[in-house]
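The values are calculated or read from the model by the stated rules, or taken from the named source; none is laboratory data. Treat the numbers as computed from the prediction; the structure is a model and nothing was measured. Ideal geometry is used to build each Cβ from the backbone, glycine not excepted, and the neighbour counts take in all protein chains shown.
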Amino acid sequence: MKKRHFRVLTKKIFSIMLLFIVVFSSSSTIASAQNVSHNEAMSTSLNIAIYDYVPNPSNFKKAIRSEWSKIEPNVSLNFVDWNCYKKDPPNNVDVFVFDSTYLTHFIRDGYLTPFQKNEIENSSDIIDFAISGCTENNKIYAIPQILCTNFLYYRKSDVAIDQAHNVNQLYQVIGNNTSSSIIPPPNKGLLIDMSGKDSQSLLYLDALMDANASYTTYDMTCPQKPSR
């Protein structure tokens, strides 16, 4: 598999999902929405925390505020700073966006209020596996918003790579790394971008889920390598 030139590369979605980002309403948000009618004169506000790891978050907020004002002109939005990777959601946040890696933790600790599928407008537009990933005991705890995935870049001439449709098949083609250098020898190996702060932990969880279909806080058993 040639790695020296990238002009004739094609791309292929290799991992269905590493993580997706979800937005949900907490119990205080539900209460606010139920108590405010379109004709109500009193002003009500909601505290919102968006996912800041998007291009130009300020424009993102402007777009949300603009569209929201058309639906609930008497309910103002107050954007607050919160990072799901650093701490649990504060008590004053009504609606927030977070990495779905924390979904089980947020459900277990009571940060999320479930709702029914018929309460989601145009729910059929949501990818089935994404909404299923937000569902526990037939209750939906979050709405998928952003999907992250892995891309495999390879040459059109790499027929064996083109025919690999999962990680195990890719491993069968590439095999073990026989070099100690960071950059593989010409026509050998595979380069993986691990520059993200949480890339290793999330790829580990992804592999663990593929191998065991579940994981726990204390599960430190590494998935076994596929047999060749």
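Odds and ends about this structure:
- Test result for LYS70, out of contact with any His (no Cβ under 8 Å at 6 or more places or on another chain), closer than 26 Å to SER201 by Cβ and of a type in the set (D, E, K, R): no
- Of VAL54, VAL80, VAL93, VAL75, all but one fail to be touching a Ser or Thr at 6+ places or on another chain (Cβ under 6 Å) and of a type in the set (A, V, I, L, M, F, W, C); the exception is VAL75.
- Scanning region 118-137 for residues that are surrounded by 10 or more Cβ atoms within 10 Å (Cβ to Cβ) and either of a type in the set (Asp, Glu) or in contact (Cβ under 8 Å) with a residue 60 or more places away in the chain (or both) yields GLU119, PHE129, ALA130, GLY133, CYS134, GLU136.
- PRO184 more than 26 Å from MET209 (Cα to Cα) and either of a type in the set (S, T, N, Q) or surrounded by 12 or more Cβ atoms within 10 Å (Cβ to Cβ) (or both): yes
Residue by residue, here is whether (1) modelled with pLDDT under 85; (2) touching a Pro at 6+ places or on another chain (Cβ under 9 Å); (3) more than 22 Å from LEU46 (Cβ to Cβ) holds:
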position: ASP109; (1), (2), (3): no, no, no
position: LYS117; (1), (2), (3): yes, no, yes
position: SER132; (1), (2), (3): no, no, yes
position: TYR141; (1), (2), (3): no, yes, no
position: THR149; (1), (2), (3): yes, no, yes
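- Checked against (1) surrounded by 15 or more Cβ atoms within 10 Å (Cβ to Cβ); (2) out of contact with any Lys or Arg (no Cβ under 9 Å at 6 or more places or on another chain); (3) closer than 14 Å to CYS134 by Cβ, TRP68 passes all but condition (3).
- Yes/no for SER58 being surrounded by 11 or more Cβ atoms within 10 Å (Cβ to Cβ) and either in contact with a Cys (Cβ under 6 Å, 6 or more places away or on another chain) or outside any loop (DSSP other than H, G, I, E, B) (or both): no
- Evaluated against (1) over 19 Å from MET209 (Cβ atoms); (2) loosely packed, with under 15 Cβ neighbours inside 10 Å, PHE115 falls short on exactly one condition, (2).
- Of all residues in region 58-74, those that are among the acidic types (Asp, Glu) have Cβ atoms under 9 Å from Cβ atoms of residues that are modelled with pLDDT under 95 and part of a helix (DSSP H, G or I), 6 or more apart or on another chain, in GLU72/ALA33.
- The one condition in (1) under 20 Å from THR44 (Cβ atoms); (2) in a helix (DSSP H, G or I) that LEU103 fails to fulfil: (1)
- Count of region 124-180 residues which are assigned to a loop (DSSP other than H, G, I, E, B) and either under 25 Å from the mean Cα position of the chain (by Cα) or not hydroxyl-bearing (Ser, Thr, Tyr) (or both): 16
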